[in-house]
Amino acid sequence: METGATLIRGARQLLTLRGKNAPRRGAELSDLGLIQDGAVLIRGGIVEQVGPTRRVENLAAARGAAEINATGRIVLPAFVDSHTHLFYPPAGERGATPESAAAAIRASSAWLLEARLQSWLDAMARHGTGTVEIKTGCGPDAAIETKALRVLAGLSRFAPDVVPTFLLRIPEEASEEEAARIVSEFAPRMYGRRTARFADTLWDHRPARQELFARYLETAAAGGLPVKLHADAPGCAAAAAIAIGHRAASVDHLEHLRPEQAGLLGNARTVVTLLPAAALYSGGPMAPARAIIDAGAPVALASNCNPHLTPVFSMQTVIALACLEMRMTAAEAIAAATINGAHAVARGDRAGSIEPGKDADLLLLNADDYRQAARSLGGNLVHLAIKRGRLVYREGKVERPA
């Protein structure tokens, strides 16, 4: 009898990431909720049951379910890429000035901008990303930022899920008077439109800007929009302190944080989002992930995907880089790329783990042990990608010449 259910059975390793509804930190970051020979029952796009195959396949609810055989493979949650710059600057603007990049967006149709973004989103889906955050950051131009947010909102019908973030970019050359006007007048107009899910900004270490950043975070939060903070410049400990003080959802980058400064992050609710691919491409230092984790901070991993500066769309590559360059373990990196990434974009109640009641966003990998993810640099282990119970990618065969 057809039930409309799907049973994924026989997984060599089922990584559930089940646990409390909060970012994982310390020893929790290494607990993958692993089930040997595991199974997942899905109904209506939602996870209904999780457990050992023998138990789940014998449930009355599993009778008549369509089956997916995961024998010899890993099943885990789809990745959550919680920090990208896919929108700005637009494709074809390599080396462009902010003015020319903005002009290119102004001249492009919404349809063309959406199509270019979708090609990147398709590549992400093939490599296992189920949810992706995309920032605007076009500068203090209301028409262009509005266009950006409208395009990002239009991507809601595709996979992966898109989380739009308004990124306030204050021009470096702006006078203090102009910067103050941007923060007090322009920014509220943008996040007041309720299109974005987060308000973010690029931190500037100049003392005169600190009060402005604090005001920006305060007004955005008071308007009901959760906040984030870019902290990719020297002296970023001050940015981390500001982010934590304003209960930001995440503080991102921190490549210039000194290991001895990691303690200030330890008891915070703010997720620390690390971007190893960004450091690799810039040639700068890697964030001190080991010190941050050991201090007890909740750590997420993201790609920083920017078609021009950091063209990395695979979270598998990000996980491998975190293990190779940041001394994270495979378990820590997987948790950081799934459940903690979900909490960094306020999706921890829907994504990032395989638990009853959550969206059925999951992957089948061509691997028999999760530690292989730490060595998969540049490859694609995804055999199947499932989004809300629907198959969105299946590994294809290679056609041989006649």
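Quick note: the coordinates plus some simple rules give every number you see, no bench work behind them. Everything quoted here is computed from the prediction, not taken from an experiment. Backbone-built Cβ (ideal geometry, glycine too); neighbour counts: all protein chains shown.
Overview of values
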quantity	calculated
³J(HN,Hα) computed for each position of the stretch 43-55 - Karplus, 6.51 cos²θ - 1.76 cosθ + 1.60, integer Hz, glycine/proline x	9, x, x, 10, 5, 9, 9, 9, x, x, 4, 4, 6
Inter-label distance, nm, simple model (7 Å from Cα along the C-beta direction), Leu324/Tyr281	1.7
Gain on full stretching of the segment that runs from Arg394 to Arg181 - 0.36 nm per residue minus C-alpha separation	71.7 nm
Packing-based exposure ordering (other Cβ within 10 Å, fewest first) of Thr273, Thr6, Thr195	Thr195, Thr6, Thr273
Sequence of Thr97, Thr16 once ranked by neighbouring C-beta atoms within 10 Å, starting from the fewest	Thr97, Thr16
Cα gyration tensor shape for the stretch 79-344, rounded if a/c is under 1.5, else prolate or oblate	oblate
Cα-based helix-to-principal-axis angle, 142-154 vs the chain, degrees rounded to 10	0
Candidates per GluC sites (Glu not before Pro) in the stretch 122-209, loop by DSSP, up to 14 other Cβ within 10 Å	Glu172, Glu173
Global geometry of the stretch 6-112, whether rounded, prolate or oblate, following the gyration tensor of its Cα atoms and the 1.5 cut on a/c	prolate
Length-normalised contact order of the stretch 79-344 in % [C-alpha pairs under 8 Å, at least 6 apart]	19
Cβ-placed point charges (K, R +1; D, E -1), dipole of the chain about Cα centre in debye, nearest 20	1100
Simple spin-label estimate for Ala402 and Ala222 in nanometres, 7 Å along Cα-Cβ	7.3
Antiparallel bridges, percent of DSSP beta bridges restricted to the chain (to nearest 5)	50
Net charge contributed by nearby residues that have their C-beta within less than 15 Å of Asn21 (K/R +1, D/E -1)	+3
Among Ala125, Ala239, Leu321 the positive-end extreme of the charge dipole of the chain (Cβ point charges)	Ala125
Calculated from backbone phi, Karplus (6.51, -1.76, 1.60) coupling profile of the stretch 157-170 in Hz, x at Gly/Pro	8, 10, 10, x, 5, 10, 10, x, 10, 7, 9, 7, 10, 8
Total lysine pairs under 22 Å (Cα atoms) in the chain, excluding pairs fewer than 8 apart on one chain	6
Ranking of Arg12, Arg55 by count of other Cβ atoms within 10 Å, fewest first	Arg55, Arg12
Three-way shape label, the stretch 176-277, alpha-carbon gyration tensor, a/c 1.5	prolate
Along principal axes, Cα extents of the stretch 254-402, largest first, whole Å	60, 39, 30
Theoretical ellipticity at 222 nm over the chain - DSSP helices of four or more residues, -39500 (n - 2.57) apiece, nearest 500	-8500 deg cm²/dmol
Summed side-chain charge close to Asp349 - residues other than Asp349 whose Cβ falls under 11 Å, Lys, Arg +1, Asp, Glu -1	+1
Neighbourhood net charge (13 Å Cβ-Cβ; Lys/Arg +1, Asp/Glu -1) for Ala153	+3
